[in-house]
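Have a look at the structure below before the remarks.
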Amino acid sequence: MADSARVDEQMQDLGPIAGYPDWPAFLERGPVPTSGSGTRRILASVLGVRRAVAGDVRVEREWRSGGVHGRELSWQLPYGPRTRAWVLRPDDDRRGLPGLLGLHCHGGVRSVGAEQLLETDQAPHPSASRLRENVYGGLAPANDLARDGFVVLAHDTFSWGSRAFDLSHPTPRLAGLIAGREALWREEGVTPTEAERFDAVASLHEDSLAKAAGMLGTSLAGAVMTEDVAALDVLAGLDEVDAERLGTFGLSGGGGRAVLLRALDDRVRATVVTCMMATFASLVPREIDTHSWLLNSPGIRAAGDLPEIAASASPRELLVQYGAQDPLFPIEGMRDADRALAGTPGYRGTFFDDGHVSSPAMQDEARAFFAATLTA
C-alpha cells in the first residue's frame with residue numbers, strides 16, 4: 001500500500017479524532033493536576049485537565065506596524081498539529097512588561113482562532129475579519145493592549161484554527177449531517193465559502209468530538225484548558241514579560257475559558273470576562289442548546305456554579321462585563337451572577353446596553369482595568 005493511501009486509511013480509522021492520532025496516548029499518560037484549593041482539584045478532575053508542555057517554540061516571522069512589534073509563533077504539543085500563535089508588544093525594547101493571554105471566542109467559527117483578536121502586516125483571514133467587524137466593533141483588542149504597554153499572546157486552542165481536526169473523512173453519521181446541511185444550503189440558494197462550509201461541518205463535528213473526549217478521560221473544556229495553561233507557560237517564559245504580572249481576557253467562549261483558567265492557575269492576577277457570566281440555573285434546561293460543549297461540560301456543577309468558580313480565585317482581580325441585551329444569557333441569570341459575586345474581593349461587574357459583543361466601550365474599560373491592576 002502506498003504511504004499516502006496508508007495515511008488516508010489511518011485518518012478514516014480515527015474517525016472523530018482524525019488529525020490527532022497521538023491524543024489518546026497522551027491522555028493515558030498525562031496526570032490530572034491535583035494541587036491547590038478544593039474547587040481547583042474538583043474542576044481539574046471533572047474537566048479532565050492534563051499537563052502539556054509546548055515544545056519546539058519557533059518564531060515564524062516578525063513585523064512592526066502601528067506602534068506594535070509582532071511575532072508569529074508556533075509550537076508543538078505532545079499531540080496534534082503545531083499550534084499557531086501571535087505575540088504583540090510595544091514597538092520598543094522594554095523588558096519586564098505585564099503579560100496578557102488573549103482567549104478567542106467560540107463563535108461557531110473554527111476556521112480561525114486567535115487571529116480574530118489582532119491585526120498583522122498581512123491580509124487577515126476572511127473569518128477573522130468578519131469576527132472583528134461583527135463582535136469586536138471593528139477593533140483589534142490585542143493591538144490596542146500592546147500599544148498600552150502589554151505583551152499579548154494569542155493562540156489557537158484545541159480544535160480551532162491551526163489546531164482544527166481533519167474533517168475530510170467524515171464518519172457515516174457526520175456525512176449524513178453534512179448532506180442535510182448542504183441540502184438546506186441548496187434550498188436557500190446559498191453557496192458557502194470554503195471557510196463557512198468548514199465552520200458548519202466543525203460545528204456538526206463538535207458532538208462527536210465531545211463524546212470522544214469524554215470516553216478518553218477528558219472533555220472539550222478540559223482539552224482547551226490543557227492548551228490554555230500550556231500557552232500561559234509560553235507567555236510567562238518570554239524574555240520581555242514579568243511573570244508576576246499576568247492577566248487574561250476573553251469574550252463569550254473566551255470569557256468562559258478565562259474563568260476556568262483563573263480558577264486553575266494562580267499566575268493569573270487579573271481577568272476580564274466579557275458576555276460570559278450567568279448562573280447555571282438560568283441556562284439549564286431552557287438555554288442548553290444555545291451554548292456549546294465548551295460551556296455545557298459534564299460534571300462541572302461538582303465544582304460549583306459559574307460565579308462560584310470565578311470567585312474561587314479571589315482576591316485576584318476580576319472584571320465581568322455583562323451585555324444587558326445579550327440574547328444568549330437571560331438577564332435575570334446575569335443579575336443573579338452579579339449579586340452572587342458582589343462583595344467578592346477583587347470583583348467588579350459592569351452592565352452595558354449591548355448584545356453578545358465586545359464593544360469599543362467594553363474594550364476601553366478592559367484596557368483601563370488592566371492598566372490599574374497590572375501596570376502599577
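The values are calculated or read from the model by the stated rules, or taken from the named source; none is laboratory data. Predicted model, so just to flag it, every value in this text is computed and none were measured. So basically every Cβ, Gly included, is an ideal-geometry build from the backbone, and we count neighbours across all protein chains shown. Note: areas computed on protein heavy atoms with side chains; ligands, DNA, RNA excluded. Shrake-Rupley method; radii C 1.70, N 1.55, O 1.52, S 1.80 Å.
The table that follows gives values for the structure above.
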{"read-out": "Every residue from the stretch 138-157 that is part of a helix (DSSP H, G or I) and crowded, with 24+ Cβ neighbours inside 10 Å", "value": "141, 142, 145, 146"}
{"read-out": "Options 194, 240: the member that is open to solvent by 10 Å² or more (accessible area, probe 1.4 Å) and within 29 Å of residue 360 (Cβ to Cβ)", "value": "240"}
{"read-out": "Conditions (1) without any contact (Cβ under 8 Å) to a residue 60 or more places away in the chain; (2) surrounded by fewer than 21 Cβ atoms within 10 Å (Cβ to Cβ): number failed by residue 116", "value": "(2)"}
{"read-out": "Test result for residue 43, farther than 16 Å from residue 163 by Cα, open to solvent by less than 50 Å² (accessible area, probe 1.4 Å) and among the hydrophobic types (A, V, I, L, M, F, W, C)", "value": "yes"}
{"read-out": "Test: residue in the stretch 312-324 that is free of Cβ contacts under 8 Å to residues at least 12 places away in the same chain, surrounded by fewer than 19 Cβ atoms within 10 Å (Cβ to Cβ) and farther than 25 Å from residue 42 by Cβ", "value": "no"}
{"read-out": "The stretch 26-41: number of residues that are at pLDDT 95 or above and closer than 15 Å to residue 221 by Cα", "value": "1"}
{"read-out": "Any chance residue 359 is crowded, with 18+ Cβ neighbours inside 10 Å and more than 21 Å from residue 142 (Cα to Cα)", "value": "no"}
{"read-out": "Failed item, numbered, when residue 56 is tested on (1) without any contact (Cβ under 8 Å) to a residue 12 or more places away in the chain; (2) open to solvent by 60 Å² or more (accessible area, probe 1.4 Å)", "value": "(1)"}
{"read-out": "Filtered residue count, the stretch 287-311, keeping only those that are touching a residue at least 40 places away in the same chain (Cβ under 8 Å), open to solvent by 40 Å² or more (accessible area, probe 1.4 Å) and either under 20 Å from residue 218 (Cα atoms) or not in a helix (DSSP H, G or I) (or both)", "value": "4"}
{"read-out": "Residue that is nearest to residue 266 (Cα to Cα), among those in the stretch 316-334 that are in contact with a strand residue (DSSP E or B) (Cβ under 8 Å, 6 or more places away or on another chain) and among the charged types (D, E, K, R)", "value": "316"}
{"read-out": "Within the stretch 281-305, tally of residues that are closer than 17 Å to residue 47 by Cα and touching a Gly at 6+ places or on another chain (Cβ under 8 Å)", "value": "5"}
{"read-out": "Enumeration of residues in the stretch 123-137 that are assigned to a loop (DSSP other than H, G, I, E, B) and without any contact (Cβ under 8 Å) to a residue 40 or more places away in the chain", "value": "123, 124"}
{"read-out": "Failed item, numbered, when residue 215 is tested on (1) open to solvent by less than 60 Å² (accessible area, probe 1.4 Å); (2) out of contact with any Pro (no Cβ under 8 Å at 6 or more places or on another chain); (3) aliphatic (A, V, I, L, M)", "value": "(1)"}
{"read-out": "Subset of the stretch 83-96 (residues that are open to solvent by 10 Å² or more (accessible area, probe 1.4 Å) and touching an Asp or Glu at 6+ places or on another chain (Cβ under 8 Å))", "value": "84, 89, 94, 95, 96"}
{"read-out": "Selection count where residues are in contact (Cβ under 8 Å) with a residue 40 or more places away in the chain, under 17 Å from residue 18 (Cβ atoms) and open to solvent by less than 50 Å² (accessible area, probe 1.4 Å), scope the stretch 197-212", "value": "7"}
{"read-out": "Test: residue in the stretch 218-235 that is closer than 24 Å to residue 24 by Cα, assigned to a helix (DSSP H, G or I) and without any contact (Cβ under 8 Å) to a residue 12 or more places away in the chain", "value": "no"}
{"read-out": "Residue 273 assigned to a strand (DSSP E or B), under 26 Å from residue 89 (Cβ atoms) and at pLDDT 95 or above", "value": "yes"}
{"read-out": "Residues of the stretch 236-259 classified as under 26 Å from residue 94 (Cβ atoms), without any contact (Cβ under 8 Å) to a residue 60 or more places away in the chain and in a helix (DSSP H, G or I), total", "value": "1"}
{"read-out": "Subset of the stretch 321-348 (residues that are part of a loop (DSSP other than H, G, I, E, B), closer than 16 Å to residue 253 by Cβ and not charged (D, E, K, R))", "value": "327, 328, 329"}
{"read-out": "Complete set of residues in the stretch 222-237 that are surrounded by fewer than 24 Cβ atoms within 10 Å (Cβ to Cβ) and of a type in the set (Gly, Ala, Ser)", "value": "230, 236, 237"}
